[in-house]
1. Which residue, 30, 43, 14, tops the fluctuation ranking in a GNM of the chain built on C-alpha contacts under 10 Å?
2. Kirkwood Rh over alpha-carbon pairs of the range 1-58, then Stokes-Einstein at 37 °C and 0.692 mPa s: what D in µm² s⁻¹, rounded to an integer?
3. Along the charge dipole of the chain, pointing to its positive end and built from +1/-1 on Cβ of Lys, Arg, Asp and Glu, which listed residue (55, 18, 30) has its Cα farthest out?
4. Percent of accessible area on the chain owned by carbon and sulfur, 1.4 Å probe?
5. Please report, in debye to the nearest 20, how large the charge dipole of the chain is about its Cα centre when each Lys and Arg carries +1 at its beta carbon and each Asp and Glu carries -1 there.
6. Largest first, what is the accessible-area ranking of 10, 20 with a 1.4 Å probe?
7. Kindly report, to the nearest 10 Å², the accessible surface of residue 56 as traced by a 1.4 Å probe over protein heavy atoms only.
8. May I ask you to give the solvent-accessible area per residue for the chain, in square angstrom, as obtained with a 1.4 angstrom probe?
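The values are calculated or read from the model by the stated rules, or taken from the named source; none is laboratory data. Keep in mind the model is a prediction, meaning the values are calculated, not measured. We place every Cβ from the backbone using ideal geometry, glycine too, and count neighbours over all the protein chains shown. Areas reflect the complete protein model, heavy atoms only, side chains present, ligands, DNA and RNA absent. Shrake-Rupley method; radii C 1.70, N 1.55, O 1.52, S 1.80 Å.
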Amino acid sequence: MPERKRLPNWRWEALRTTLWFLPTVLIGVAALVFFATIKIDIAAFLHQIQLPTWLRSGTSQASG
């Protein structure tokens, strides 16, 4: 198996300690989650898929 290339320790440390790296990654993850859930929501609204009963039970008036 070929060995994976790794960043030198000083580069990883510089990347890890910057103030933009983690927020940028989290914004990317949030965007992916948003697009996935909106696609599911639209497909369920158009009756292209059927959500499980435990997921669609309850109303807006139901409280935990």
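1. Top of the fluctuation ranking is 14.
2. 215
3. 18
4. Its accessible area is 66 percent carbon and sulfur atoms.
5. With only Lys, Arg, Asp and Glu charged at Cβ, the dipole is about 260 debye.
6. 10, 20
7. For residue 56, solvent-accessible area is about 120 Å².
8. About 103 Å² of surface per residue is accessible.
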